[in-house]
Each structure stands twice: as structure tokens, then as C-alpha cells.
Ligand code: FAD
């Protein structure tokens with residue numbers, strides 16, 4: 001930093017992360033602050049990232065985006081959850097649906113009543129108590145329903161990430177963000193502090209700044225190559241190290257959910273958009289060649305492929321420090337976990353909002369920077385644990401990749417969660433952990449992780465009352481879903497909505 005006040009932000013990189021950062025700063029930074037974004041068309045963006053989680057409403061809402069315009073501009077569709085096909089074993093499927101499952105009684109969450117009912121042989125599969133899953137599986141969608149049985153029906157979106165970045169670019173440029181096209185050739189640092197002083201572009205232009213946001217993707221040009229923040233490699237927990245993506249023409253059902261299908265040495269995603277379906281394989285190169293992955297991907301599409309799949313290499317893990325000195329890393333520059341639960345765009349947004357919550361006016365306070373990095377560490381490791389659960393609790397015996405991940409050593413934090421669940425059906429959610437008890441509950445049950453016990457308070461309900469609780473919930477949800485329009489009709493109607501005032 002050349003001075004004690006931050007008046008010049010420089011964002012390196014213009015993928016989803018870069019333009020989300022630009023839009024947020026354009027909206028919230030002090031008037032008079034300059035925001036410059038540098039990106040290189042020659043490098044391009046990673047070009048994937050199409051499924052989100054409901055928290056994205058907070059980001060879009062904070063920017064003041066019009067929802068119908070956003071869905072129209074990004075060719076989006078709605079998402080009520082993720083289907084996991086074949087993850088426990090071939091031919092079985094379950095859903096991690098957003099929102100509640102069933103109704104608890106008093107202080108006790110529903111999972112304990114369901115576990116007791118399961119012991120009595122009167123529990124039905126979780127779908128019968130989940131509004132989101134019932135709607136998703138019958139291809140229906142509704143927005144803004146508020147009834148006593150289902151006070152919420154949270155949803156997220158599938159969208160074209162390239163179009164989202166372009167949309168945010170228009171938003172940002174209209175609010176004064178200056179975009180510079182060019183290749184960053186050098187990151188200049190102050191000799192005394194090592195903080196970043198300027199970016200030099202090929203061709204000689206020099207862009208000085210007070211605070212820099214590294215959105216340069218996997219290469220981490222500022223945070224790693226210049227500042228050497230370090231990297232925590234999590235390959236031992238999440239061994240997939242390659243992805244291959246290919247869109248295809250629309251075909252099959254226009255599902256209001258993402259599908260993740262387990263394959264021989266990884267899994268395949270399916271994300272329906274208005275104009276195409278996004279597909280991809282995530283796999284372990286130690287167990288599957290690129291050619292085999294491409295063949296598997298191409299032979300499991302619902303429509304004609306719209307291009308050739310190309311491998312993307314990655315190492316799962318995160319930077320040790322996301323914020324160092326006057327540089328914050330966002331997106332792939334901060335780290336990467338496979339898109340099994342659609343968390344990457346969320347991690348960009350949550351880092352932006354955490355940063356804005358302590359927006360430095362001048363030289364960043366080292367204690368605040370440490371706090372920020374601790375929070376990031378907590379957030380990332382707990383998401384990692386949730387992803388690992390999907391792998392470790394598989395019963396796909398005899399398949400080398402699945403055998404390996406079933407027997408791998410687990411992080412202590414995940415071991416503790418598994419132990420709690422197995423012993424008493426208790427799900428310990430730490431403060432501000434992203435995934436809720438209901439999310440963990442669905443994956444535990446879906447993956448066949450058995451709970452030996454449940455909270456004895458669930459026994460205070462007479463068996464008949466328990467039956468009524470379950471049947472009443474199921475009946476009300478089924479009736480409610482019947483009223484909902486089909487997802488396709490809902491989208492077509494929704495994008496015609498006039499702009500909000
Ligand atoms: P990039 O898109 O790689 O952008 C990097 C930018 O930096 C580009 O503009 C590039 O031009 C610029 N740049 C780099 N070097 C230089 C240089 N020297 N000079 C100038 N400019 C430079 N996320 C989800 O939330 N949901 C998903 O479903 C999902 N699916 C994914 C599937 C895969 C296979 C992968 C790999 C990721 C997925 N993600 C998903 C993550 C998501 O794609 C990323 O989080 C998101 O796109 C952000 O990428 P980025 O902006 O950090 O990086």
C-alpha cells in the first residue's frame with residue numbers, strides 16, 4: 001500500500017469470482033473509490049459452474065438484481081435439491097433437498113421421530129416428508145409458498161455461469177467499474193512490506209492499487225505466485241483430480257434439481273438450463289483415463305453433445321491464507337472442492353460478504369485478517385467433511401475407486417459427526433456451518449449410515465400420535481404439491497414477469 005486509505009481496488013481476473021467481486025464493490029464501496037478489473041481474453045475463464053444453493057438469493061438481493069431479469073439473462077432454471085444416484089449402491093437414489101423434512105415437536109427435531117418410527121416399522125422414505133423433494137421428483141416448482149405445513153420452500157438456480165458473469169459485468173460497468181483487457185505479466189510488491197503495489201501488463205501498462213483481489217483462477221497469480229500463501233492439499237480425502245464438461249441439447253426431463261450419478265471412478269453431473277443441459281464428469285485419474293471418462297460422459301447424455309469434452313485438472317484443497325496483506329483471494333484462486341454440493345460460487349459470495357463486513361478503510365488490521373482466515377478455514381473444512389461423507393459411506397463393493405474411498409482415513413471432525421449420529425441420531429452443527437442438520441440427515445439416511453439410537457424424548461409421543469404426525473405431514477405436502485405448476489411452465493411464466501419497481 002502506498003497510503004493509509006484504500007481508494008483504489010484492483011481485481012485480477014474476470015471469471016465468476018472477478019465479476020461477483022466487482023459488482024459487490026461497485027454496490028457497497030465508498031463513493032469515490034475506483035475499481036479496476038483486469039482480465040485476459042487469451043486466457044479465458046474456466047467456463048463451468050452452473051449449480052447453486054439457496055444462499056445466492058442473499059447475494060443477488062444485496063445487489064438489488066431483478067429476479068426475473070436474472071433468470072432470463074442467465075437462461076436459468078430452478079433447483080430444489082440434488083439427486084444422488086447410485087452413490088450408496090447401483091440402482092438406489094436419494095435426494096439432498098433444500099428446506100425442511102417433516103416437522104419436529106417442541107424442541108426436538110424431526111429426525112428423532114423418524115428414527116423411532118423407523119424402529120417401529122412405520123417410517124416412510126424421507127421424500128414423503130419433504131416438500132422440496134416431492135415437488136422436485138414430480139417436476140413441479142412454486143415460489144413464495146407460505147403455509148402452516150411448509151413455511152418455506154427454498155430454492156436455488158441452475159444458470160449459465162458465463163452469462164451470469166456477463167450480466168454482472170454490465171451491472172458493474174454501469175456503476176463505474178473499469179475493465180482492462182490484458183495479460184498480467186508481473187505482480188509488483190513493495191520492498192519493505194511485501195504487499196502488492198501494482199500489476200504490470202504485457203505491453204507495459206501498470207495498474208497501481210491499494211487493495212488487490214485475486215480472481216485469477218487455479219493459478220492464484222497474486223495470492224500464491226507472488227505472496228506464497230501456501231496450500232492445504234486435501235487429495236487424501238477427496239481423491240478426484242479431474243473434470244470433463246460438455247453441454248448437450250435439451251432432452252429428457254426439465255428437472256428442478258441437479259443430478260449427480262455415481263460412475264466407475266467418480267461421478268457425473270446433469271444441470272438443465274433453458275437452452276441446454278450442462279454435463280460433466282468428476283473423476284480420479286489414478287482410476288480412470290481421460291478417454292474412458294469422455295466415453296462414459298458422452299454415453300450418458302440426454303441429447304446431442306454441443307462440443308467436445310476437455311479435461312480440467314485440479315487439486316482439491318484451499319489456500320492456507322485467503323487474505324494476506326492487501327490481497328484477498330476469491331474463487332478458484334482461493335481453492336477448490338469438487339461441485340458435488342454446488343458450493344464454489346457460494347464460497348465466493350460468503351467470502352465477499354465476510355470481507356464487506358470488515359471492509360478496511362485503510363491498512364488492514366492483522367487481527368481482523370487472522371479472524372477472516374480462521375472463518376474461511378472453518379467454513380471450508382466443514383464443507384469438505386460433508387462432501388467426504390458421500391464418498392466414505394458407499395456400499396459399491398468390488399469397485400477399486402469406491403473401495404478405496406470407503407476405507408480412507410477420515411478427518412477427526414467428520415469422525416465425530418458420524419459417531420454422534422450412529423450413537424444417538426444427534427447431528428452436531430457448529431456455529432455458522434453451511435450445511436444444516438437436515439442436510440446431514442438426508443445424506444446419512446441416503447447413504448445408509450444407520451443410527452443405533454435416537455433422543456428418548458421422541459418416546460413421549462404415543463405410537464398413534466407419532467403415526468398421525470407422519471401421515472398428517474405427508475398428506476398435507478402431497479396435497480400442496482398437486483397445486484404447483486410444472487417446472488417448465490413456471491420458468492416460462494416467470495421470465496415474462498415485468499421488471500420490479
Ligand atoms: P476463472 O473462471 O478461471 O477465471 C479466471 C480469470 O482470471 C479469467 O478471467 C482469466 O482471464 C483471468 N486471468 C488469469 N490469469 C491472468 C493473467 N495472467 N492476466 C490476466 N487475466 C488473467 N461452482 C458452483 O458453484 N457450482 C457448480 O456447479 C460448479 N461446477 C464446477 C465444475 C468444475 C469442473 C469446476 C472446475 C468448477 C466448478 N465450479 C462450480 C466452480 C466455479 O466454476 C468457479 O468457482 C467459478 O467459475 C469461479 O471461477 P474463477 O472466477 O475463480 O476462475
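A short reminder: the numbers here are calculations on the coordinates, not readings from a lab. All values derive from a computational prediction rather than experimental measurement. Positions of Cβ are generated from backbone atoms using ideal geometry, with glycine treated the same way; all protein chains shown enter the neighbour counts.
In table form, for the structure just shown:
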quantity: Helical mean residue ellipticity (222 nm; -39500 (n - 2.57) per DSSP H run of 4+; nearest 500) of the chain; calculated: -10500 deg cm²/dmol
quantity: Sequence-separation-based contact order of region 242-313, relative, with Cα cut under 8 Å and 6+ spacing, percent; calculated: 45 percent
quantity: Percent RCO, i.e. relative contact order, over region 375-423, from Cα pairs under 8 Å lying at least 6 residues apart; calculated: 33 percent
quantity: Kirkwood-Stokes translational diffusion coefficient of region 349-501, alpha-carbon pairs, 25 °C, 0.890 mPa s, µm²/s; calculated: 122 µm²/s
quantity: Peptides ranked, highest mean first, by Cβ atoms within 10 Å: ranges 280-291, 402-413; calculated: 280-291, 402-413
quantity: For region 410-500, diffusion coefficient by Stokes-Einstein and Kirkwood Rh (Cα), 20 °C, 1.002 mPa s, µm²/s; calculated: 126 µm²/s
quantity: Alpha carbon centroid spacing (whole Å) that separates region 239-291 from region 339-410; calculated: 21 Å
quantity: For region 242-313: Kirkwood Rh in Å [reciprocal of mean 1/r, alpha carbons]; calculated: 12.1 Å
quantity: Label-to-label distance, nm, for residues given as residue 225 and residue 460 (7 Å Cα→Cβ offset); calculated: 6.2 nm
quantity: Average silhouette area of region 205-272, convex hull of alpha-carbon atoms, in square nanometres; calculated: 8.9 nm²
quantity: Ranked 157, 113, criterion: other C-beta atoms within 10 Å, fewest first; calculated: 157, 113
quantity: Percentage relative contact order, region 321-415, counting C-alpha pairs under 8 Å, at least six apart; calculated: 24 percent
quantity: Packing rank of 219-232, 15-28, where each peptide gets the mean count of other beta carbons within 10 Å, highest leading; calculated: 15-28, 219-232
quantity: Neighbour-count ranking [beta-carbon atoms within 10 angstrom, fewest first] of 207, 122; calculated: 122, 207
quantity: Burial ranking of peptide ranges 88-101, 318-331 (average Cβ count within 10 Å, highest at the top); calculated: 318-331, 88-101
quantity: Percentage, to the nearest whole number, of Cα pairs in region 136-265 over 21 Å apart; calculated: 68 percent
quantity: Once the Cα gyration tensor of the chain is diagonalised, semi-axes √(5λ) in Å; calculated: 39, 25, 24
